[in-house]
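A.B. asks: Below you'll find the structure I mean.
The values are calculated or read from the model by the stated rules, or taken from the named source; none is laboratory data. Values in this document were obtained by computation on a predicted structure and should not be read as measured data. Cβ placement follows ideal geometry from the backbone for every residue including glycine, while neighbour counts extend to all protein chains displayed. All accessible areas refer to the heavy atoms of the entire protein, side chains included, with ligands and DNA or RNA removed. Shrake-Rupley method; radii C 1.70, N 1.55, O 1.52, S 1.80 Å.
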Amino acid sequence: RAAKGAILITTKRGSKEGLSINVRANTGMHIAKAYPEYVGSAEYMTLYNEALANDGVAPLYTVKDIYNHASGKNSYRYPNLNYYSSDYVRKAYNRSDVTAEISGGGERAKFYSNISYYRQGDFLKVGEAENNFTSRFNVRGNVDVKLNSFIKAYINANATFYDARSA
């Protein structure tokens with residue numbers, strides 16, 4: 001009991017009804033609805049210089065720099081990058097999970113176990129970010145033993161292995 005209510009969380013336990021195995025698998029694709037559209041580097045430099053001029057400040061970028069970025073002749077020295085292009089971002093990535101529940105028992109002993117695996121990818125696909133992922137493996141179980149009418153014992157165990165890679 002509590003002044004404003006209470007939340008009681010109970011875990012699943014085994015049953016006397018014999019062996020039961022339930023497996024569930026889900027998979028899906030994450031797809032972006034839209035990506036922002038940005039101006040190119042030359043147009044950005046032109047607009048930035050215009051904003052500086054409106055504030056009475058000297059321009060930051062020279063006409064020659066703006067021309068070189070707009071021409072695209074040397075993309076390494078004068079880049080015009082769009083980080084939302086297909087060179088850097090995937091159109092979709094996968095997310096999957098699998099869960100298995102195994103339970104059973106008899107009059108004297110009951111058990112329950114839950115085993116699950118989850119893996120999710122990432123939109124980025126450039127450099128080391130191409131290998132980004134998140135995965136989780138979880139094992140949980142319990143055993144209830146009734147030795148006689150007044151002696152009962154139980155054990156609960158849980159292990160979670162989490163792995164993530166992020167550039």
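A.B. asks: Which of the peptides 92-98, 32-38 is most tightly packed, and how do the rest follow, going by the mean number of other Cβ atoms within 10 Å of each residue?
C.D. replies: 92-98, 32-38
A.B. asks: What is the extension gain from Y118 to V98, computed as 0.36 nm multiplied by their sequence separation minus the C-alpha to C-alpha distance, in nm to one decimal?
C.D. replies: 6.5 nm
A.B. asks: Taking a point 7 angstrom from the Cα of A32 along the C-beta vector, which residues in region 69-92 have backbone N less than 17 Å away?
C.D. replies: 81-92
A.B. asks: Counting only protein heavy atoms and a 1.4 Å probe, tell me what percentage of region 14-80's accessible area is made up of carbon and sulfur.
C.D. replies: Carbon and sulfur atoms account for 55 percent of the accessible area of region 14-80.
A.B. asks: Could you report the chain's accessible area per residue, 1.4 Å probe, as an integer in Å²?
C.D. replies: Dividing the accessible area of the chain by its residue count gives 77 Å².
A.B. asks: Pick from S75, S20, S113: which residue has the top mean-square fluctuation in a GNM of the chain where Cα pairs under 10 Å get a spring?
C.D. replies: So, out of S75, S20, S113, the one fluctuating most is S75.
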